[in-house]
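Please read the structure below before turning to the comments.
The values are calculated or read from the model by the stated rules, or taken from the named source; none is laboratory data. The shown structure was predicted, so the numbers you read here are calculated from the model rather than taken from an experiment. Don't worry about glycine lacking a Cβ; one is built from the backbone with ideal geometry, like all the others, and counts go over all protein chains shown. Heavy atoms of the whole protein, side chains included, go into the accessibility calculation; ligands, DNA and RNA do not. Shrake-Rupley method; radii C 1.70, N 1.55, O 1.52, S 1.80 Å.
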Amino acid sequence: MQKTSCIDQEPRRERVPTFSIRCYEPKDYHVVRQMFKCCCLELVMPGFRWSLRQPASIALFLVCGSISYALTYSLWYVILAATVLAAVMYYACWRIFTDFMKLKLQTEMGNIEKYYIKPPGSCFWVAEADGKVIGTIAVKRLPEHQEACELFRMFVQHKFRRCGLAKKLLETAFEFAKDYGYKTCHVQTNITQVPAVYMYKKMGFQQYGKCHLIGSCLTFLTQISDLRLKKTI
């Protein structure tokens, strides 16, 4: 199967002609992992822009600029200090998402069948259009709650977004959860993914908590965290 590529993704969105959703098969392994990599890397720039808009970041830029000017009386050093700080924040965002990506590739995305197919109450689906995988979603039982499940790996290729595919993937997961007897469905998504958060809330999810990603110092600098949401099904 031909692998997807981050470079191949076009900025324009296309209407999905016809798509189908089926259970994951071993032949999907490489393309699903590549899609996961691309989706993780897509989060770096939105995360960086989101971090720059936070009050704590604005205050940090003002403080650094003021100190630079007080010490040098030069606007060039103020600009240099702001540029260095922005570069550090971008690197922090890049590290957060690439560290997360590497960890998951070594664990659950390295053995999809072990983590998402074999455990009772779990499943992994792929969406296809014209014979190519264009989206994924997975469900697993929450370890501490026998009647609760959690959504994972909700991805849709960039050019196939806003076509109703994400909604169909969610409905597939909800139907499985109901048939299996789950009462609630949980999901954890990044705070910088505003469209995803909006979609989940539109589908009936409600936020009930936050948690930080890998690297406490990096998340402190960028203010990036994950939102925890749940829905009664």
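Suppose the filter is closer than 22 Å to THR98 by Cβ and touching a helix residue (DSSP H, G or I) at 6+ places or on another chain (Cβ under 6 Å); does CYS64 pass it?
no
The one condition from (1) open to solvent by 20 Å² or more (accessible area, probe 1.4 Å); (2) within 25 Å of ASP99 (Cα to Cα); (3) not β-branched (Val, Ile, Thr) that LEU229 does not meet is (1). Restricting attention to the stretch 143-190, the residues that are of a type in the set (D, E, K, R) and under 21 Å from the mean Cα position of the chain (by Cα) add up to 8. Does PHE152 fit the bill of being open to solvent by 20 Å² or more (accessible area, probe 1.4 Å) and out of contact with any Lys or Arg (no Cβ under 9 Å at 6 or more places or on another chain)? Criteria not met by PHE152. Annotation: of all residues in the stretch 109-144 being in contact (Cβ under 8 Å) with a residue 40 or more places away in the chain, outside any loop (DSSP other than H, G, I, E, B) and among the charged types (D, E, K, R), the one that is surrounded by the most Cβ atoms within 10 Å (Cβ to Cβ) is ARG141.
Restricting attention to the stretch 200-225, the residues that are touching a strand residue (DSSP E or B) at 6+ places or on another chain (Cβ under 9 Å) and at pLDDT 90 or above total 8. Just so you know, in the stretch 155-197 the residues that are part of a strand (DSSP E or B) and over 14 Å from LEU229 (Cα atoms) include one that is most open to solvent (accessible area, probe 1.4 Å), and it is PHE155.
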